[in-house]
Amino acid sequence: MIRRTAFLNLLALLALTTALAGCLPAGTRPPGAPAVRNAADGGLSPLRVLYLELALDQLRRFERGVPRLDEQRLGYGALAAAALAAYGRPTGDDAARWTAAALDACAGRWERVACERLLLDLQRITLQYPRVLPAALLARLRAEAATYVAPPGEEAVRAPWAFRETENQRAVRLARCLAALRIEPGEPGSARAAAAAAWGDAAAAFLRAHQRDGWYEAESPGYIATSMNALFLLADHAPQAAVRALAAGELDRLFTAWAQQQVNGFPAGPKSRSYVHWALGARTTPWVAWAWLLAGMGREERISFMDWPGIATTGYRVPPSAVDLLATRGERAPYEIRTRRHIRIPGRRELDTALYTFATPDYVLGAAQAVDGLRLGVSGGEEIMATLYAAGADFAPLYLWSRTRNLRAERWKSWAGQDLTVGHRNVVLARLADEGAQGPEGGATGYAYLSPPWEPPEVIGEAVVARCGDTYVALVAAGGWDVTPAAARFPDYYGGDPAFRGAWAAVPRRQPAVLALEVGRRAEVGEFASWRQWAATARLRVVGGELLYTARDGTRLAFIPGERATIDGRPLDVGF
């Protein structure tokens, strides 16, 4: 069951109709006029046209620097070019070229993950922009786009979590098959008509289960976006009205949850299955581009538009209340978000997790509450249990984690049992890298990663202090710290990439790492010099395995990792 308590109640927020006028941050682009016609019927707003034009320009330049585009980018390019061609832009040749290349790349291999994702974009072309392609190519495209796999049967309705593939793969397959059966529906009583009904029942059960329980991969910036891309297609083109409505409802919830806890458009909070290219960069997932399109956020020269054109071609519309919150979250008073999810998937790790987020105008702090056996662990990857995202011009995360090697063999290794955290307002307590061999050569090292926008950290007593704009941090651990450039300390993970040249690693000398992270902001604590002075007095004690820390405001926190936590002597509630 998914439950949330927050400054803004989720369902109430979805019912709001606050206008955007006057709510955009200073210096940002207004969101543009709404579409005259539904995008799924061929209409595009001026801003969506610009989004696709920027995407196409970036993709053309990217294509010149690589031997060939991968399957998914062939689909992205074909869809963007086809949509623009339908709008009247001279991009029909690109649409045809990339469509043909995509069909060649995946011929006979449509069940592969990358090809099935690509097929969603080709199906959207077939359904929305067929006239931009030459007749022979369109016939070839329709033949492939209308293919589907056998329905999963009644078990998918009785036990909607009992699927073998991952969650995002299941969402893609549902969308792919229902779109195929919309392209060629079949006569009443035919096998295709029966398949459409069966896939529709499976999709409805899948979506109702998610409405009840939440999303298994909700904290993965890449995989949840893949699922949402499939939801766009279901909301537009599923043959059944009930499935279309359910898909739109899930999109409403996912967009609103994102708006509540994003910084500069990037989703903040803990991360699961978040691989290096997603965790350490803001250009490899669509969130920042989506924020630009929806709320005029960010500078377009710093945004990657070339992937994920589905949002610019769907008829689905994000609720105005979510768009308003997206644009104005940084103007609101601090608030908390508590989320609890319990999802049982047969044959896979059971998800029972409580997540805590503290959002302020200057930062968003998130932690997975590792209390009484709770863990944020999905199916392997680079789980990050505590995150701090500072607001500013650049992508500026600070992570508490143990990932130190970027070896392919370790990308699927789950570290959820090693990094245990708890959060309360502006403080996180953590024990990192508790299991296995210690040290950078022997397995895991608990540390704080400070991305390049953070100023060089400074050791003061038992604390490391740093700032990023109006956000300050103090990392407190007994035994001292080693603070070095991240690429020098962990070359397997950060070495060789110029994007990490300004990043820092703050490593407690005692491992397993036991530390406190406390965040301040100028509006509340004054100048950074005052923060430094206080940090010199901060102490974290460990008594019988219990972490004891007194925050700057006097709040007393205690944490036995994996067992219990108290705030000023009161048990922390993780049953929300």
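The values are calculated or read from the model by the stated rules, or taken from the named source; none is laboratory data. Treat the numbers as computed from the prediction; the structure is a model and nothing was measured. Positions of Cβ are generated from backbone atoms using ideal geometry, with glycine treated the same way; all protein chains shown enter the neighbour counts. Note: areas computed on protein heavy atoms with side chains; ligands, DNA, RNA excluded. Shrake-Rupley method; radii C 1.70, N 1.55, O 1.52, S 1.80 Å.
The residues of the chain expose, per residue, 37 Å² of accessible area to a 1.4 Å probe. What the pair-distance distribution of the chain shows, using all Cα-Cα distances binned every 20 Å from zero, is 21, 53, 24, 2 percent.
Summarise the accessible area of the chain (1.4 Å probe, protein heavy atoms) by the percent that is carbon and sulfur. Carbon-and-sulfur percentage of accessible area, whole number: 51. The helix-only estimate of mean residue ellipticity at 222 nm for the chain, built from DSSP H runs of length n ≥ 4 each weighted as -39500 (n - 2.57), is -11000 deg cm²/dmol after division by the residue total. The distance separating the Cα centre of the range 502-519 from that of the range 349-385 comes to 18 Å. Computed from the Cβ-Cβ distance with R0 of 35 Å, the FRET efficiency linking VAL542 to PHE62 stands at 0.10. Taking all protein chains as shown and a probe of 1.4 angstrom, PHE62 keeps an accessible surface of around 70 Å². Taking a point 7 Å out from the Cα of ARG158 in the direction of its Cβ, the residues of the range 200-230 whose backbone N falls within less than 15 Å of it are 202.
Rounded to whole numbers, the Karplus 3J(HN,Hα) couplings from phi for the range 411-416 are 5, 9, 7, 8, 10, 5 Hz, using 6.51 cos²θ - 1.76 cosθ + 1.60 with θ = phi - 60°, and x at Gly and Pro. Evaluate E = 1/(1 + (r/R0)^6) for GLN211 and ARG556, where r is the Cβ-Cβ distance and R0 equals 30 Å; express this FRET efficiency to the nearest 0.05. Efficiency, rounded to the nearest 0.05: 0.15. Sequence-distant contacts, meaning Cα pairs under 8 Å at least 6 residues apart, place the relative contact order of the chain at 12 percent. Note the angle between two axes, namely the Cα long axis of helix 71-87 and the longest principal axis of the Cα atoms of the chain, as a number of degrees from 0 to 90, rounded to the nearest 10. Helix 71-87 sits at roughly 60 degrees to that axis. 3J(HN,Hα) couplings calculated from phi for the range 209-216 with the Karplus curve 6.51 cos²θ - 1.76 cosθ + 1.60 (θ = phi - 60°) are, in sequence order, 5, 6, 4, 7, 9, x, 9, 4 Hz; Gly and Pro show x.
Overall, the anisotropy analysis places the range 46-197 in the prolate class: the square-rooted eigenvalues a ≥ b ≥ c of its C-alpha gyration tensor yield a/c not less than 1.5, with a/b exceeding b/c. Give me the distance between the Cα centres of the range 450-471 and the range 522-567, rounded to whole Å. Here the two parts' Cα centres lie 16 Å apart. Relative to the longest principal axis of the Cα atoms of the chain, helix 113-128 runs at roughly 50 degrees.
Under the combined filter of DSSP loop state and at most 13 neighbouring Cβ atoms within 10 Å, the range 527-576 retains these GluC sites (Glu not before Pro): GLU527, GLU563. Helix 167-183 axis versus longest C-alpha principal axis of the chain: approximately 20°, rounded to the nearest ten.
Between the range 48-85 and the range 124-161, the alpha-carbon centres lie 22 Å apart.
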